[in-house]
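Presented below is the structure to which this report refers.
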Amino acid sequence: MKLTKPRLALIGGILCISIFPILVKLKLAPGLISAFYRMFFAVLLLLPYVLVTKSFKLPKTKFILLAVLCGILFSSDVAVWNIAIQDSSATQASLLTNLSPLWVGIGSFFFLKIRPATNFWIGTVVSLFGMVTLVGFEFFMDLNFDQAFLFAVLSGILYSIYLLVSKKALSEIDVLSFMTISLLASSIYLGILCYALDQPFAGFSNTGWFVLALQAVICQLCAWLSISYATQHMRATRVSLSLLSQAVITSILAWLFLEEQITLQMVFGGIILLLGIRITFYDKTISLKKLF
């Protein structure tokens, strides 16, 4: 029962980030500057709150540096994922980015000395099969190994490293302090990068500004406060695999708001994906002999 709140927080976070691909697909701002304003607006809202409520606690130097590294890793992940979506399709970018559970499992084994349970690997295989079914086997076979492909793969790797590092940082830092430091680092890092690459900081439509603000409030603050809390209390491998369910929710939202078609194959793939996630939450080890 003690994991009820982290699990609810994880579900809430997944719901919040599921609208992000829909907003990115509107292409109301370049991918890199969109990532900057997502972080910048979020820290503008969070910083006054933690200062007024005195919720911010300065951690030890080692963990400050870890939080800063998390900010750079996460903002880099968002930036390259935005570009991957806008240069190809949300489907391809989502598929390749969601390979991150594999990187998290491998990273946990080698760097955190945590051996993922058998259920994790079984659930990962089932979920990835569901993901491929969701987007179509023919699509997976016809992937183009261009810049968008490489950026999407890079996004998944950056995200998996972020999860592993944030798990370490959150062992000593409370969620609000962690988010404040990482968002400040993200904003400064992306601001410098956007300026160096001559990205437009203004000139967007009213709708564009609204979408940028929405990304900051819903997709960043609400989503990642919830997910960071879940990461603090749950295994990083379990959190990363659970985030695969975002693809199912995003597909439903795309059907509702972008009039994208949902086929029976997509529904079947979504069910398989969610089944794989459920396997990782099963407390008893699943026997491969019984499964097959």
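List of remarks:
- Entirely in segment 4-76, the helices (runs of 4 or more DSSP H) that have 3 or more residues that are at pLDDT 90 or above, closer than 15 Å to Leu221 by Cβ and not β-branched (Val, Ile, Thr): 31-52
- Scan of segment 155-171 for residues that are outside any helix (DSSP H, G or I) and of a type in the set (Val, Ile, Thr), ordered by number: none
- Each residue in segment 172-193 was checked for being open to solvent by less than 70 Å² (accessible area, probe 1.4 Å) and either outside any helix (DSSP H, G or I) or modelled with pLDDT under 85 (or both), and 2 pass.
- Inter-residue pairs, beta-carbon under 6 Å, first without any contact (Cβ under 8 Å) to a residue 24 or more places away in the chain and in segment 61-86, second among the β-branched types (Val, Ile, Thr) and buried (at least 18 other Cβ atoms within 10 Å of the Cβ), 6+ apart: none
The values are calculated or read from the model by the stated rules, or taken from the named source; none is laboratory data. It should be emphasised that the depicted structure is a prediction, and the values quoted were computed from it without experimental measurement. Ideal geometry is used to build each Cβ from the backbone, glycine not excepted, and the neighbour counts take in all protein chains shown. Areas reflect the complete protein model, heavy atoms only, side chains present, ligands, DNA and RNA absent. Shrake-Rupley method; radii C 1.70, N 1.55, O 1.52, S 1.80 Å.
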